[in-house]
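Asker: Just passing along the structure, written as structure tokens.
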Amino acid sequence: MAEPDEASGPELTAEEIIARLPSSALDERMGIEIVEVSRDRVVGRMPVQGNTQPFGLLHGGASCVLAESLGSIAANVHASPSHYAVGVEISCSHHRGVRSGYVTGTATELRAGRQVATYHVEITDDDGRSIATARLTCLLQPVDTDEAATRRNGGGSSGGSTDTT
């Protein structure tokens, strides 16, 4: 497999990579906003309101969604343009509850290789207190240029094989 680096194609800025990623209906539903993207880190925030469990606290699953979204973007920044990233494992520890405001997540690289990339995501409240930490591991898949061209031209992928032999 080719090394996911600038030797695989033209160097793209982090913003260009983000612009090429498909939109995420879940991120939109959760209210996730990406506020910073670089090769060193990805930062995003999410409102607590609308993402709570029955007791009024931020739902732990919402923290995981934020962590996976930020870590996946970071992995795609690393892997692009020759590869794309898919999450294969996430673990998240919740340290304190939060009832209002926003939470902010910061994804930083733990290890980014040719086939696998792992990120640490620190999630804090509006006062900068840690509310959760997560670790996300992504598998880096080579871009299928025919499939990528189809997606860019408005075609979709069912996710399954189209081979009928």
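Asker: Can you compute the modelled spin-label distance between VAL143 and ARG29, with each label point 7 Å from Cα toward Cβ, in nm?
Answerer: 2.8
Asker: Rounded to the nearest 0.05, what FRET efficiency is calculated for VAL86 and GLN49 with R0 set to 35 Å and r the Cβ-Cβ distance?
Answerer: It comes to 0.70.
Asker: Counting other C-beta atoms within 10 Å, and keeping those with at most 13, which DSSP coil trypsin sites (Lys or Arg not before Pro) do you find in the range 24-85?
Answerer: Filter output for the range 24-85: ARG39.
Coordinate-derived values only; no laboratory data. What you see is a predicted model; the values in this text were computed from it and never measured. With ideal geometry, Cβ positions are generated from the backbone for all residues, glycine too; neighbour counts draw on all protein chains shown.
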